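Here's the structure we're looking at; comments come further down.
Read-outs: derived from the displayed coordinates by stated rules, not from any lab. Quantities reported herein were computed from a predicted structural model and do not represent experimental measurements. All Cβ positions, glycine included, derive from the backbone under ideal geometry; neighbour counts span all protein chains shown.
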Amino acid sequence: DEGRAGENVGVLLRGTKRDDVERGQVLAVPGSITPHTKFECEVYVLSKEEGGRHTPFFKGYRPQFYFRTTDVTGSCELPEGVEMVMPGDNVKMSVTLIAPIAMEDGLRFAIREGGRTVGAGVVSKIIE
């Protein structure tokens, strides 16, 4: 049997306690993917009409980033010369997460705030 990206599978992990496994963890060949906390990304911020934010955000904005099945808070750093990001904008920015997440270039994510999706993005470059 096999499982492919995006599919749900049942896995027997011998010698692993239930308390050792958490939502959002990744099962992969050792060394094939590594956890990171800082990355550059391209983001589209949903407009008010699309159900997104009604107001702009600024440097230091700290929403929830949803990768696969897990979420983690991250701090946004805007490019030099960009003061704010308006709803409906596309922006390249860097993000620092409060906890490491298994990721690779091209990984897509959602940005959520207050129980609603306010943006969508893709990892363009892993920094650390």
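Considering only C-alpha atoms, what is the centroid distance from the range 98-124 to the range 42-90, in Å?
Here the two parts' Cα centres lie 10 Å apart.
What is the sum of charges, Lys and Arg at +1 and Asp and Glu at -1, for the other residues whose Cβ falls under 15 Å from the Cβ of V91?
Numbers: positive: R53, K59, K92, K125; negative: E40, E42, E77, E80, E83, D89.
After counting each charged neighbour, the total is -2.
How large is the Kirkwood hydrodynamic radius of the range 1-101, counting all unique pairs of alpha carbons, in Å? All intermediate terms of the calculation are to be shown ahead of the outcome.
Details: mean 1/r = 0.0615 Å⁻¹.
After inverting the mean inverse Cα-Cα distance, the result is 16.3 Å.
Taking the Cβ of V118 as the center, what net charge do the other residues with Cβ under 14 Å away carry, scoring Lys and Arg +1 and Asp and Glu -1? Walk me through the intermediate numbers first.
On the way: positive: K48, R53, R62, R112, R116; negative: E49, E50, D71, D89, E113.
It works out to a net charge of 0.
Once you charge only the Cβ atoms, +1 for Lys and Arg and -1 for Asp and Glu, what is the size of the charge dipole of the chain about its Cα centre, to the nearest 20 debye?
Numbers: 16 positive and 19 negative charges, 66 e Å.
Taking the Cα centre of the chain as origin, the dipole is about 320 debye.
Going out from 0 in 10 Å bins, what whole percent of all Cα-Cα distances in the range 72-119 drops into each bin?
P(r) over the range 72-119, rounded to whole percents: 19, 55, 26, 0.
Please build a GNM for the chain, connecting alpha carbons under 10 Å apart, and tell me which residue among A99, A28, A110 fluctuates the most.
Ranking A99, A28, A110 by mean-square fluctuation puts A28 first.
Tell me, what ³J(HN,Hα) does each residue in the range 74-79 have, in order and in whole Hz, if you take phi through Karplus 6.51 cos²θ - 1.76 cosθ + 1.60 with θ = phi - 60° and put x for Gly and Pro?
Computed from phi, the couplings for the range 74-79 are x, 9, 8, 10, 7, x Hz.
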